[in-house]
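Q: Quick one: this structure, given as structure tokens, is what I'll be asking you about.
The values are calculated or read from the model by the stated rules, or taken from the named source; none is laboratory data. In this text, all values refer to a predicted model and were calculated from it rather than measured experimentally. Cβ atoms come from the backbone with ideal geometry, glycine included; neighbour counts cover every protein chain shown.
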């Protein structure tokens, strides 16, 4: 099937990134969120991202304006009645995602594909909440979406070959490398490997083995990673890290995925990382 209009649920860091890349690839985009403030913030982020590309001479001012002209914003989910595909990029919460998929299943046209950007939750379970499970798949974009090449593709038990091939073609048109997860298992490929590593960094701090700075410096210099695990966790969002760990712990039943108590406390305190101004580092002050 041909994709012309793309609906996106959520104007946060993932949603606005997907919207930018989709519009830059020639799709008409409808980005929906529950508040006009969230939509305005999302569009501001897109404009800032495009301005950076202009400074790098990657795009022109005319190309920036063309991308922006292709993005429509709305708080009304019924606008998705014109979409060929709807990509959900909401918070990593299973109850919220099931509610959203039931809603978009009601309003999206019968031919439309319904896709989740979930980083850990079962596509099979999400698909079962709709009347079109064969048209549901996972497209796990990486953050920041405009810069990261990977899209992790996940097919649920019910996902049809046509649906999976269509989302693969769409990802490739958006300039991404589509890597399929062979099984719909908690965390898929990337987060099954990455998040437990981050959790070990949390435990390393919790147990007093090293300071925040020492842990990050050791991993950058010792393993040649571009940033330390605690810096990365702050960038991802500590609430997102906790949500993924809970999915792994509950879904696989293995104690090695038990979230670090320090991470839980930070999330309870509202210390969620860069987006809240405080995580393992304090972003309201100059980071040392």
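Q: Taking the range 68-89 on its own, how many of its residues are in a loop (DSSP other than H, G, I, E, B) and touching a helix residue (DSSP H, G or I) at 6+ places or on another chain (Cβ under 6 Å)? Lay out the reasoning, then the answer.
A: To start, the set of residues in the range 68-89 that are in a loop (DSSP other than H, G, I, E, B) comprises 70, 75-76, 83-84, 89.
Then keep just the ones that are touching a helix residue (DSSP H, G or I) at 6+ places or on another chain (Cβ under 6 Å); that gives 70, 89.
Qualifying residue count, the range 68-89: 2.
Q: Do we have any residue at all in the range 244-259 that's closer than 16 Å to residue 212 by Cβ and either free of Cβ contacts under 8 Å to residues at least 60 places away in the same chain or surrounded by fewer than 21 Cβ atoms within 10 Å (Cβ to Cβ) (or both)?
A: No - not one qualifying residue is present in the range 244-259.
Q: Then there's this: How many residues are farther than 16 Å from residue 87 by Cβ, buried (at least 17 other Cβ atoms within 10 Å of the Cβ) and in contact with a helix residue (DSSP H, G or I) (Cβ under 7 Å, 6 or more places away or on another chain) when one looks only at the range 29-58?
A: Result for the range 29-58: 3.
Q: Also: Which of the residues spanning the range 260-281 are in a loop (DSSP other than H, G, I, E, B) and either under 10 Å from residue 238 (Cα atoms) or without any contact (Cβ under 8 Å) to a residue 40 or more places away in the chain (or both)?
A: We begin by selecting, within the range 260-281, every residue in a loop (DSSP other than H, G, I, E, B); these are 260, 269-272, 277, 279-281.
Listed by number, the residues that qualify are 269, 270, 271, 272, 277, 279, 280.
Q: Looking at 91, 79, 75, which is the one that is surrounded by fewer than 18 Cβ atoms within 10 Å (Cβ to Cβ), touching a strand residue (DSSP E or B) at 6+ places or on another chain (Cβ under 9 Å) and farther than 17 Å from residue 28 by Cβ? Spell out how you get there, then give the answer.
A: Details: 91 fails: touching a strand residue (DSSP E or B) at 6+ places or on another chain (Cβ under 9 Å); 79 fails: farther than 17 Å from residue 28 by Cβ.
Exactly one of 91, 79, 75 is surrounded by fewer than 18 Cβ atoms within 10 Å (Cβ to Cβ), touching a strand residue (DSSP E or B) at 6+ places or on another chain (Cβ under 9 Å) and farther than 17 Å from residue 28 by Cβ, namely 75.
Q: Take residue 234 and decide whether it is in contact with a strand residue (DSSP E or B) (Cβ under 7 Å, 6 or more places away or on another chain) and modelled with pLDDT of 95 or more. So that I can check it myself, show each step before the final result.
A: Working: in contact with a strand residue (DSSP E or B) (Cβ under 7 Å, 6 or more places away or on another chain): yes; modelled with pLDDT of 95 or more: yes.
Answer is yes for this residue.
Q: Can you pull out the residues in the range 94-113 that are within 30 Å of residue 248 (Cα to Cα), surrounded by fewer than 19 Cβ atoms within 10 Å (Cβ to Cβ) and in contact with a helix residue (DSSP H, G or I) (Cβ under 8 Å, 6 or more places away or on another chain)?
A: Of everything in the range 94-113, those that are within 30 Å of residue 248 (Cα to Cα), surrounded by fewer than 19 Cβ atoms within 10 Å (Cβ to Cβ) and in contact with a helix residue (DSSP H, G or I) (Cβ under 8 Å, 6 or more places away or on another chain) turn out to be 94, 98, 103.
Q: Looking only at the range 263-277, which residues are on the phi < 0 side of the Ramachandran plot, surrounded by 15 or more Cβ atoms within 10 Å (Cβ to Cβ) and over 15 Å from the mean Cα position of the chain (by Cα)? Write out each step before concluding.
A: Pass one, the range 263-277, residues on the phi < 0 side of the Ramachandran plot: 263-269, 271-272, 274-276.
Checking the rest, the ones that are also surrounded by 15 or more Cβ atoms within 10 Å (Cβ to Cβ) come to 263-264, 266-267, 271-272, 274-276.
Answer for the range 263-277, where residues must be on the phi < 0 side of the Ramachandran plot, surrounded by 15 or more Cβ atoms within 10 Å (Cβ to Cβ) and over 15 Å from the mean Cα position of the chain (by Cα): 263, 264, 266, 267, 271, 272, 274, 276.
Q: So which of 49, 120 is part of a helix (DSSP H, G or I) and out of contact with any strand residue (DSSP E or B) (no Cβ under 7 Å at 6 or more places or on another chain)? Give the derivation first.
A: Working: 120 fails: part of a helix (DSSP H, G or I).
Selected residue: 49, the only one of 49, 120 that is part of a helix (DSSP H, G or I) and out of contact with any strand residue (DSSP E or B) (no Cβ under 7 Å at 6 or more places or on another chain).
Q: Across the range 212-226, which residue is nearest to the chain's Cα centre (by Cα) among those that are surrounded by 13 or more Cβ atoms within 10 Å (Cβ to Cβ) and without any contact (Cβ under 8 Å) to a residue 24 or more places away in the chain?
A: Step one: of the range 212-226, the residues surrounded by 13 or more Cβ atoms within 10 Å (Cβ to Cβ) are 212-220, 225.
So of that shortlist, the ones also without any contact (Cβ under 8 Å) to a residue 24 or more places away in the chain come out as 214-220, 225.
Numbers: 214: 29, 215: 26, 216: 24, 217: 27, 218: 28, 219: 24, 220: 24, 225: 21 Å.
Checked the range 212-226; the qualifying residue nearest to the chain's Cα centre (by Cα) is 225.
Q: Only residues that are out of contact with any strand residue (DSSP E or B) (no Cβ under 7 Å at 6 or more places or on another chain) and either on the phi > 0 side of the Ramachandran plot or free of Cβ contacts under 8 Å to residues at least 24 places away in the same chain (or both): list them for the range 149-168, please.
A: Within the range 149-168, 161, 165 qualify.
Q: When you go through 107, 145 one by one, which is the residue that is in contact (Cβ under 8 Å) with a residue 12 or more places away in the chain, assigned by TED's automatic domain parsing to the domain that holds residue 79 and within 19 Å of residue 84 (Cα to Cα)? It would help to see each step written out before you state the result.
A: Details: 145 fails: within 19 Å of residue 84 (Cα to Cα).
Unique residue meeting the criteria: 107.
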